[in-house]
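Trainee: I'd like to ask you about the structure that follows.
The values are calculated or read from the model by the stated rules, or taken from the named source; none is laboratory data. Please read these numbers as outputs of a predicted model, since none were measured by experiment. Heads up, the Cβs are rebuilt from the backbone with ideal geometry, glycines too, and the neighbour counts pull from every protein chain shown.
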Amino acid sequence: MGVLRSLLTGRRPDVVVAAEETAAFSVEIDSGTLYATPTLDDYIFRTGRISRADALRVPAVKRARDIICSLGQFPLSFVDPYGKPAANFTPNLLQQPERGVVPSITWARVLEDLLLDGRSWLRTTEVGWHNRPVHAHKLDAETVTVQPKIVVYPGQGSATVWPEVAGLIRIDSPNPGLLDASPAIRACIALQRATLKHVDGIPPSEHFTSSDPEVDAFGSEEEIQEFLERYEETKRRRVAAYFPNAVKHNITGWDPQKLQLVEANEFAITEIARLTGIDPEDLSVPTTSRTYFNAQDRRRARTEDVLGPYQVAIEGRMSADDVCPYGYTAAFDLSAYERLDDLSAAHTDSVLVSAKILDPAEAREKRGLDPSKAPTGTPDPAEAGAAVTAAAAHQAAELAAATERSARRG
């Protein structure tokens, strides 16, 4: 009650007042212990849990979140056993999971939960004629109270099992939540604070002593406390502070180069890249050497190594029998993300048509053209060969230029 009364009335707790009246010395009470407010020591020594808001204030974590959540912008739909969009299963949950919210936002929030907390939850709000969910609400992962249960099998062992709750859809991440790998995030937070202190001109540590060792600059503890409060107020107001002649201000300076703040910050960001599987260059950390990839190769590598596990997790859960009928599956359409450039696509289509794998109508449909309006006449083999040769020469020139840039950077 003492702590609650202090928050409502402004009075300090009785236990603190009693301690000051009976003790011959004063101590600084840690705010994190008394009021459950995280301090920098909590972050560094792992005595407090990093919140989602604190983690997303780290630019590297925010950028990693944006890259992984970009998967939500691509269409997610049900397909039949032949791989065609399901036309007889409407309405369904994937068309618009939440009323009033576009699907890309819903799936981006689900991906954020999977990345940071390792689990996301949807609460069914409407069921369609097929007895499958049509609309749902995405629940805040931190507020869900459902917990796994331990099931004991006598003579065999035990297992942790999540209970099946009617109307609740649980999507599990294949990777542990990023907030559980908090030391790397704590390092980023600590480095950010150190950098901001240096920019603001705040010394890393400071203390006051009496100018004359034989004379006490203050007559009582109240005067010391008043002086320290006035000094903190001047720092908050960013104005110059005046120190009496009897007080000596001792500060410990620092040199960012000797502390290697830049190198330490890049190392912390690289740790975030390792945890998420994202290329460090995508988090603005330069690398000295790499194997050259063109844009399509890099996108495919990102899809397989970074986005793939989350993609499979969502597709697999949405393909479960309690969400879609038997025989149907959920699938993201990443064709727009992994598409070839125009020259490479034309070369690929030419090879597939020549090999009788595709006919011209299918090739036109794949490129978004009307199959019924194909040009008439016989193509000139010489012109087609010249076009293919030009495309190959263009790709070779791009490869040589990229290799030269990589060599100069190294």
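Trainee: Taking the range 117-154, which residues are of a type outside the set (A, V, I, L, M, F, W, C), surrounded by 17 or more Cβ atoms within 10 Å (Cβ to Cβ) and not in a strand (DSSP E or B)?
Mentor: Once the filter is applied, which keeps residues that are of a type outside the set (A, V, I, L, M, F, W, C), surrounded by 17 or more Cβ atoms within 10 Å (Cβ to Cβ) and not in a strand (DSSP E or B), the range 117-154 yields Asp117, Gly118, Arg132.
Trainee: What are the residue pairs meeting all of these: first residue in the range 360-386, first residue modelled with pLDDT under 70, second residue in a helix (DSSP H, G or I), Cβ atoms under 8 Å, and 6 or more apart or on different chains?
Mentor: What qualifies is Ala374/Pro360; Ala374/Ala361; Ala374/Arg364; Ala384/Ser350.
Trainee: Restricting to the range 349-371, name every residue that is surrounded by fewer than 15 Cβ atoms within 10 Å (Cβ to Cβ) and of a type in the set (Ser, Thr, Tyr).
Mentor: Selection gives Ser354 alone.
Trainee: Being in a helix (DSSP H, G or I), at pLDDT 90 or above and surrounded by fewer than 20 Cβ atoms within 10 Å (Cβ to Cβ), is that true of even one residue in the range 90-103?
Mentor: Among the residues of the range 90-103, at least one is in a helix (DSSP H, G or I), at pLDDT 90 or above and surrounded by fewer than 20 Cβ atoms within 10 Å (Cβ to Cβ), which makes the answer yes.
Trainee: Moving on to the next point. Regarding Leu111, is this residue closer than 21 Å to Ser335 by Cα and either of a type in the set (A, V, I, L, M, F, W, C) or not in a loop (DSSP other than H, G, I, E, B) (or both)?
Mentor: Working: closer than 21 Å to Ser335 by Cα: yes; either of a type in the set (A, V, I, L, M, F, W, C) or not in a loop (DSSP other than H, G, I, E, B) (or both): yes.
Criteria met by Leu111.
Trainee: Still on this model: Are any of the residues in the range 298-305 small (Gly, Ala, Ser) and at pLDDT 75 or above?
Mentor: yes
Trainee: Please count how many residues of the range 211-241 are modelled with pLDDT of 75 or more and assigned to a helix (DSSP H, G or I).
Mentor: 14
Trainee: Do we find a residue being among the β-branched types (Val, Ile, Thr), modelled with pLDDT under 80 and surrounded by fewer than 12 Cβ atoms within 10 Å (Cβ to Cβ) anywhere in the range 185-198?
Mentor: Within the range 185-198, not a single residue is among the β-branched types (Val, Ile, Thr), modelled with pLDDT under 80 and surrounded by fewer than 12 Cβ atoms within 10 Å (Cβ to Cβ).
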